[in-house]
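Presented below is the structure to which this report refers.
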Amino acid sequence: MTAQAPVVNRDAPVKRRRIGELLVSKGVVSDDQVRIALTEQKKSKEHLGKILVRLGFATEAVIRDVLGGALGYDTVDLTKVVVDADVVKLIPKDVARRYHMLAITYSGEAGVVTVAMADPYNVIALDQVRAQLGGELEVRALIAGEAEINKAIDQFYGFELSVDGILQEIETGEVDYQSLEAESDEYSQPVVRLVNALLSDAVKRGASDIHFEPEHDFLRIRYRVDGVLRQIRSLHRNYWAAIAVRLKVMAGMNIAEMRAPQDGRISLSVSGREVDFRVSSLPTTYGENIVLRVLDRQKGIVPLEGLGLSENALATLRLMMARPEGIILVTGPTGSGKTTTLYSMLNHLNSETVNIMTLEDPVEYPLEMIRLVGEIRDEETAEMAFRAAMTGHQVFTTLHTNSAIGAIPRLLETGVIPDIMAGNIIGVIGQRLVRKLCVHCKEVYEPSMLERQILNLGGGSEAPPIYRASGCKRCEHSGFKGRLALTELLRFDGEIDELVARRVTQREILKLARNKGYTTLAEDGVRRVLEGVTSMEEISRVMNLTEGIS
Ligand SMILES: [Zn+2]
């Protein structure tokens, strides 16, 4: 169900009667209860739903969901929303209070503000929001319970929400540990807001993980952005105990356990997006390290064409995926974007309604029809994968090796018989992530002799410009913004199968593959440098480029 701009019914009394009827038809309340509430309404002039809740005839959550469903609006559970202080303040507090509404997300690009409202038919309220926002923006209404909105208004307007402000508040006040463990009235606790603010800040900056690392006398907070860990803040060590407790409560972990590693999960709505955080704690000398891995569902799935493959590679990949049974392996070290590639392929097949079988829980992104996703780690998982392939399934899995060709010896080590490998592997994708040069500040330079050799540049004047990193405000002076995957695709066909079955050396297999147009990760890197999207320095950071040079 998608919520559109409200279809306004200006006939308020008719509308009120309709909400009553609707609730009766859904079996939420009886005719008598509605009649009592309508009588009451003549005196109090309150919203009918609110009166029904006050009289104890229905709960707010039920009314919210029934109204949302029937009126074609999405509903929002405000207790799961982490708001952006700047967005909330788009609507002044007195207006928010008067009309029971709260701005929760703002998209400047789309020109849309999402507002939680108890009554999306309140024309005056909607006019007020539009007036406040300057009339240029589209207002998208989500239904929330009135009491829930009022509570959220108290929280979001009443308390400091910025990281710096909260820190100042903490420095001057005391931390109440008991309220950290309770779910009620948690907003009065600055640590609760601090954790929310940090998570929201990390998501906004595009961090893939957040590290809380206690040291001897301070707590270091680092975000991984574009694959590189950056220190964001250092806090006094005194804060750590409270922050750790809060994170563990949110992630459903045992707060008393501090000597053994634990895993947990937090689901939140941040800036209007559903975000899951996979949380893990690890005891260290100075206390527990806690790392949150950000799983952003909307950002998670990239279309096949968005993977940045060369035209040739994309065509090869499509060919591989068209094979109805067998195994496609994605290889690379940790953090090489294997999961992104895997989900991109699964999603592609999914849209074509092919029956997919993959390995093992947990599924990190919501994809229908996909039961199991995982990694070949040992004999058992290898057996599962090959058995599924041999019984007519397409299997997608990951393997931890440094190159596509490296998958062959690795599988041999795990006990897979060469004959089985030969018949059942469709192909192996090897990959590595490198940072993209910031388009605002990258600078042209004259490559060295060695670089020219690697890039295979002649002395001619028609050579493309080669760029290197510089640094500007937009890339936080790193010279890079965003990442791209370098890819190599080793497609297994009859001839390659034969070599694998004969246990020949990797070199021989590569020689044959090369004749069939196979290009290595390093060559893909060179292609991207020549395109001007990354630098020589960056690709040599992740791989040895001089191997092919004699
Ligand atoms: Zn820049």
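The values are calculated or read from the model by the stated rules, or taken from the named source; none is laboratory data. Values in this document were obtained by computation on a predicted structure and should not be read as measured data. FYI the Cβ positions are ideal-geometry reconstructions off the backbone, even for glycines, and counts take in every protein chain you see.
Summary of values
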read-out	value
Test set (1) more than 33 Å from the chain's Cα centre (by Cα); (2) within 16 Å of the ligand (Cβ to nearest atom); (3) surrounded by 15 or more Cβ atoms within 10 Å (Cβ to Cβ) - V444 fails condition number	(3)
From T534, T546, residue being outside any helix (DSSP H, G or I), surrounded by fewer than 18 Cβ atoms within 10 Å (Cβ to Cβ) and among the hydroxyl-bearing types (S, T, Y)	T546
R528 vs. criteria away from the ligand (no atom under 16 Å from the Cβ), surrounded by 12 or more Cβ atoms within 10 Å (Cβ to Cβ), among the charged types (D, E, K, R) and not assigned by TED's automatic domain parsing to the domain that holds L411	yes
Options A407, A388: the member that is buried (at least 20 other Cβ atoms within 10 Å of the Cβ) and farther than 30 Å from R224 by Cα	A388
Some residue of the range 237-259 being part of a strand (DSSP E or B) and in the same structural domain as L198 (by TED's automatic domain parsing)	no
Residues (aromatic (F, W, Y) and within 16 Å of the ligand (Cβ to nearest atom)) located in the range 466-497	Y467, F480
Among (1) in contact (Cβ under 8 Å) with a residue 24 or more places away in the chain; (2) among the acidic types (D, E); (3) closer than 30 Å to T519 by Cβ; (4) surrounded by fewer than 17 Cβ atoms within 10 Å (Cβ to Cβ), the one test that E311 misses	(1)
From A241, A251, residue being more than 25 Å from the chain's Cα centre (by Cα) and at pLDDT 85 or above	A241
Flag for P324 being closer than 30 Å to I425 by Cα and touching a residue at least 12 places away in the same chain (Cβ under 8 Å)	yes
Number of positions in the range 380-401 that are of a type in the set (S, T, N, Q) and in contact with a helix residue (DSSP H, G or I) (Cβ under 9 Å, 6 or more places away or on another chain)	4
Residue count, the range 376-393 (criterion: at pLDDT 80 or above and closer than 25 Å to R318 by Cβ)	5
Within the range 410-441, considering residues that are within 16 Å of the ligand (Cβ to nearest atom) and surrounded by fewer than 17 Cβ atoms within 10 Å (Cβ to Cβ), the one farthest from N312 (Cα to Cα)	H440
Test set (1) closer than 23 Å to I420 by Cα; (2) out of contact with any helix residue (DSSP H, G or I) (no Cβ under 7 Å at 6 or more places or on another chain); (3) surrounded by 12 or more Cβ atoms within 10 Å (Cβ to Cβ) - R507 fails condition number	(3)
Residue within the range 226-233 that is in contact (Cβ under 8 Å) with a residue 40 or more places away in the chain, touching a helix residue (DSSP H, G or I) at 6+ places or on another chain (Cβ under 9 Å) and in a strand (DSSP E or B) present	yes
